[in-house]
Structures are given as structure tokens and as C-alpha cells.
1. For the stretch 190-199, how many residues are charged (D, E, K, R), part of a loop (DSSP other than H, G, I, E, B) and within 12 Å of Ser159 (Cα to Cα)?
2. Hey, among Leu249, Leu194, which residue is more than 26 Å from Phe95 (Cα to Cα), out of contact with any Ser or Thr (no Cβ under 8 Å at 6 or more places or on another chain) and surrounded by 12 or more Cβ atoms within 10 Å (Cβ to Cβ)?
3. Filter the stretch 6-46 for residues that are in a strand (DSSP E or B) and surrounded by fewer than 24 Cβ atoms within 10 Å (Cβ to Cβ); which is farthest from the chain's Cα centre (by Cα)?
4. Would the stretch 200-209 turn up any residue that is touching a residue at least 12 places away in the same chain (Cβ under 8 Å), in a helix (DSSP H, G or I) and either under 30 Å from Lys30 (Cβ atoms) or aromatic (Phe, Trp, Tyr) (or both)?
5. Of the residues Gly58, Gly14, Gly32, Gly9, which is at negative phi and touching a residue at least 12 places away in the same chain (Cβ under 8 Å)?
6. Of all residues in the stretch 210-229, which are assigned to a helix (DSSP H, G or I) and not charged (D, E, K, R)?
7. Could you check how many residues of the stretch 202-226 are surrounded by fewer than 15 Cβ atoms within 10 Å (Cβ to Cβ) and farther than 21 Å from Ile246 by Cα?
Amino acid sequence: MNVKIALAGKGGTGKTTIGSLIIRSLIEKKAGSMLALDADPNSNLNEFLGVTVSSTIGMIREDFKKNAPRLAGGIYKDQLVEMNIHQALVEGKGFDLLVMGRGEGPGCYCYANNLFKKYIDILQNNYDYIIMDNEAGMEHLSRGTTSNVNYLLIISDPSLKGILAASRIKDLSDEININTEKIFLIVNRVNGKLDDRLKEYIEEKKLDLLGIINMDDNIYEMDISGKTIFNIPENSLALKQVKELIEKLKI
């Protein structure tokens, strides 16, 4: 049995940073095999993890759609999709990464989409942990991209608008029944302690606060210097807090 963690939230809240910190924390914990899924069309999880991506599922799918009329029977198509998905896997130190890339263009080719979903689902069964970094907003939820997850972590900044956006994401996930065991809120980039007024607003919106991540100059330094999440020192406050959150989840 694997553990699937999906991250959601409005743009600019630091989903990818927290996702990559979770990946590093699980690697250092020697928790098990791990698949990182970058489901954000503006893919940059690989940059945080320090690996190069040459192919995405979106690119392969579009090529498959263009060449489908020239392909043979369904069995061959199945084998081709499976082979291409494995070729798109990027191997890192302690994790594999699969980048979804951009969604379908005009003229959705449902057969191809269903094939890709089938083999990605099969692939996920080979790992102990799946960490999925989603695009900003709620579009991926309404399309069913994020489903059957153990933990949906909604990331917010310390603002009323951010908490409101998080609340709407939770409401939508409940409405469309994405089959999530637990939904938690993480408030990122907090300066000091969380404002009591925000705490009250979080309670009012019936959000389950897992914890906060404080502002950390190490994250800024990583970003501005083009380094990776693995270059952040062990005494990084954000890294320590993410490790504490993982312990809370008991994974």
C-alpha cells in the first residue's frame, strides 16, 4: 500500500517549495520508494530537485494523438504508451519524477487520455510514496486530476484572501468527492506566530490546520542562487517544520 500526498492552493503560496521539502524529508527519513508527480503546467519541480526533464506526458500524448491513425491495433498502442511513460521518468537520488506537462489542446483525444491515466495509475502502484504538486487554483480538482489521495495539503499564505481560497478548494474537493482521506491546511511564509485573527478565520472556515511554515532566508537564498532543495542546510527552519508536519501525519 502506498501513501499519496497532493498539494493544492492559489498561486504564489509556495506549493512547489513545500512539496520539494516533503520529498527531501522523506528521502532523509528513508521512508521508501518515491514518485514525484509534477501536475502543474508551469512545471518547475525538477528545478527544485536538481534534475533535468526532456519529455513530459503532455508532449508524448500530443505526439501520440498526431500519429494515432498510423499506429496498428490497440495492443500496440498500449505498449507504446507504457514504453513512453517509462522513458519520461526521470531518476533522481532517492526519487523518480514524472512531469505531466500541459493539458490537451483542441480536440480532446479521450482514448489517449484514458490510456495515459491507466498506465500512470499502474506506475504509481510501484512506489511507497507519491507526492503530487498541482497547478494553482481549483481547475485540477474539477477535472479529477487529484483523486484517491491520502492527504490533500492546501497551502496558503498568511492572509484572509489566501485562507478564503483554501476554504473554497476544500469545499470543492468535498463537493466533487475526490476521495481524500484527510484535508489539511498549511499556512506558509508566516512571520513569527500566526495572527490570532487568522486563527479565528481558519476555525470559522472549518479548516483543519496542520501547521505553519515560517519565513526562511535559506529558501530565498536557494531560489536566488539557483540551487536545489538539497542545498538547504539541515538547520533550516522551514525544513525542520516540514519534518515536524510529516511526523504529525505519521507517515
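1. Let us first name the residues in the stretch 190-199 that are charged (D, E, K, R), namely 193, 195-197, 199.
Now restrict to residues that are part of a loop (DSSP other than H, G, I, E, B): 193, 195.
With the extra rule that they be within 12 Å of Ser159 (Cα to Cα), the set shrinks to 195.
Here the count works out to 1.
2. Numbers: Leu249 fails: more than 26 Å from Phe95 (Cα to Cα).
It is Leu194.
3. First pass over the stretch 6-46, keeping only residues in a strand (DSSP E or B): 6-9, 34-39.
Next, from what is left, pick out any that are surrounded by fewer than 24 Cβ atoms within 10 Å (Cβ to Cβ): 34-35, 39.
On the way: Met34: 12, Leu35: 10, Ala39: 6 Å.
Result: Met34.
4. Scanning the stretch 200-209 turns up at least one residue that is touching a residue at least 12 places away in the same chain (Cβ under 8 Å), in a helix (DSSP H, G or I) and either under 30 Å from Lys30 (Cβ atoms) or aromatic (Phe, Trp, Tyr) (or both).
5. Working: Gly14 fails: at negative phi; Gly32 fails: at negative phi; Gly9 fails: at negative phi.
Answer to the check: Gly58.
6. So the first thing to find is which residues in the stretch 210-229 are assigned to a helix (DSSP H, G or I), and the list is 217-225, 229.
Answer for the stretch 210-229, where residues must be assigned to a helix (DSSP H, G or I) and not charged (D, E, K, R): Asn218, Ile219, Tyr220, Met222, Ile224, Ser225, Ile229.
7. Matching residues across the stretch 202-226 total 10.
Here is a yes/no grid of residues against (1) over 17 Å from Ser54 (Cα atoms); (2) surrounded by 13 or more Cβ atoms within 10 Å (Cβ to Cβ); (3) small (Gly, Ala, Ser); (4) modelled with pLDDT of 90 or more:
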{"residue": "Lys77", "(1), (2), (3), (4)": "yes, yes, no, no"}
{"residue": "Val81", "(1), (2), (3), (4)": "no, yes, no, no"}
{"residue": "Ile85", "(1), (2), (3), (4)": "no, yes, no, no"}
{"residue": "Leu89", "(1), (2), (3), (4)": "no, yes, no, yes"}
{"residue": "Gly92", "(1), (2), (3), (4)": "no, yes, yes, yes"}
{"residue": "Gly101", "(1), (2), (3), (4)": "no, yes, yes, no"}
{"residue": "Cys108", "(1), (2), (3), (4)": "yes, no, no, no"}
{"residue": "Asn113", "(1), (2), (3), (4)": "yes, yes, no, no"}
{"residue": "Ile122", "(1), (2), (3), (4)": "yes, no, no, no"}
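The values are calculated or read from the model by the stated rules, or taken from the named source; none is laboratory data. Quick caveat, the model's predicted, so the values are computed rather than measured. FYI the Cβ positions are ideal-geometry reconstructions off the backbone, even for glycines, and counts take in every protein chain you see.
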